[in-house]
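Structure first, commentary second.
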Amino acid sequence: MINAIFEKVYKGSFKGFKKDIYNDIKNNNKRFIVTANPETFMIAKKDNDFLRLLLDKQTTIVADGIGIVKSGRKLGYNIEERIPGIDISLNLLKICNELKKDLYVFGSTEKVINLLRNVLNESYPHINLVGVSSGYVEDKDKVFKEIINLEPDIILVALGIPHQEKIIYRYLNKFHKGVFIGVGGSIDVLSGCKKRAPKLLIKLNLEWLYRIIKEPKRIKRFYQNNIKFMFSIKKEKEFEND
Ligand code: UDP
């Protein structure tokens, strides 16, 4: 299972990936991006529906964190570099602005969405925001069905893993175009509600540490997923060497 997911992880540079998504948006192609972390693998281990979604040929998986890049390399997958979800989202907003395309934002709180709306007005004036919805509505499927009718070019979904990926996947076939991505807590940074790690920490691949220090409640989730993931990689490696 681990190898099957790694097979699918995008191996090239962020520069190349940016070109791909630019062309997708320009040419009305459909793409579903999943940003992989150890938690992504650990959920897939227990949840068959999530695994199926990851392995679907319509899904593009990128290595969000350094742990995925390094573990992948250990198993023989030459992943060039990290492609963090937050940078993809920033790039999507840039392209959306440049090409004057349509955006939909689904998820997080009303407060965060309103802050994001201000950021969009100020820094991305040519984005056509066709709709927003808080992620705390009762019927999330109803929201997604409404998004289908709006035919946006970019759809950011912040409902947390795996819910955001599952709802995107559930309706993906109903869309003719659109770049879809589950952004999770990145929406807090996009909206200016939370600060991203200082550049130096990002460069040193320590962004994860900054997030834990700022939000200590993440420690348990981080620890459990990362330790389990490390063991799985070790096991896989031993299996290969046998
Ligand atoms: N969220 C939501 N509705 C829910 C549960 C979560 O809109 O029912 C949002 C929440 O506000 C946050 C995001 O989903 O913006 C989840 O972020 P988290 O920090 O868990 O994501 P991570 O980046 O760690 O994957």
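Name the residues of the stretch 5-40 whose amide N is less than 12 Å from a point 7 angstrom out from the Cα of ILE227 along the C-beta direction?
Inside the label zone: nothing.
Rounded to the nearest 0.05, what FRET efficiency do LEU150 and LYS199 give with R0 = 35 Å and r taken as the Cβ-Cβ distance? Could you check?
About 0.45, to the nearest 0.05.
Find the all-direction average of the projected area of the Cα convex hull for the chain, expressing the result in square nanometres with one decimal place.
So the mean shadow area of the Cα hull is 12.7 nm².
With 10 angstrom as the radius, rank MET1, MET42 by how many other C-beta atoms surround their C-beta, starting from the fewest.
Working: MET1 13, MET42 17.
By the 10 Å Cβ count, ascending, the order reads MET1, MET42.
Nearest 500 deg cm²/dmol is fine: what mean residue ellipticity at 222 nm does the chain get from its DSSP H runs of n ≥ 4 alone, each adding -39,500 (n - 2.57), divided by its residue count?
Taken over the chain, the calculation gives -16500 deg cm²/dmol.
Can you give the three extents of the C-alpha atoms in the stretch 144-242 along their principal axes, from longest to shortest, in whole Å?
49, 41, 24
Let me know the charge dipole size of the stretch 48-103 about its Cα centre in debye, to the nearest 20, where only the beta-carbon of Lys, Arg (+1) and Asp, Glu (-1) is charged.
Result for the stretch 48-103 is approximately 140 debye, rounded to the nearest 20.
Testing the spin-label approximation: label points 7 Å from Cα along Cα→Cβ at ILE213 and ASN173. State their distance in nm.
In this crude label model, ILE213 to ASN173 measures out at 4.8 nm.
Going highest first, how would you order 222-229, 181-188, 104-111, 127-134 by mean Cβ packing within 10 Å?
Details: 222-229: 15.6, 181-188: 24.0, 104-111: 21.2, 127-134: 17.8.
Ranked by mean Cβ neighbours within 10 Å, highest first: 181-188, 104-111, 127-134, 222-229.
Each reported figure results from applying straightforward, stated rules to the coordinates on display, with no laboratory input. Since the structure is predicted, the reported quantities are computational estimates derived from the model, not experimental observations. Positions of Cβ are generated from backbone atoms using ideal geometry, with glycine treated the same way; all protein chains shown enter the neighbour counts.
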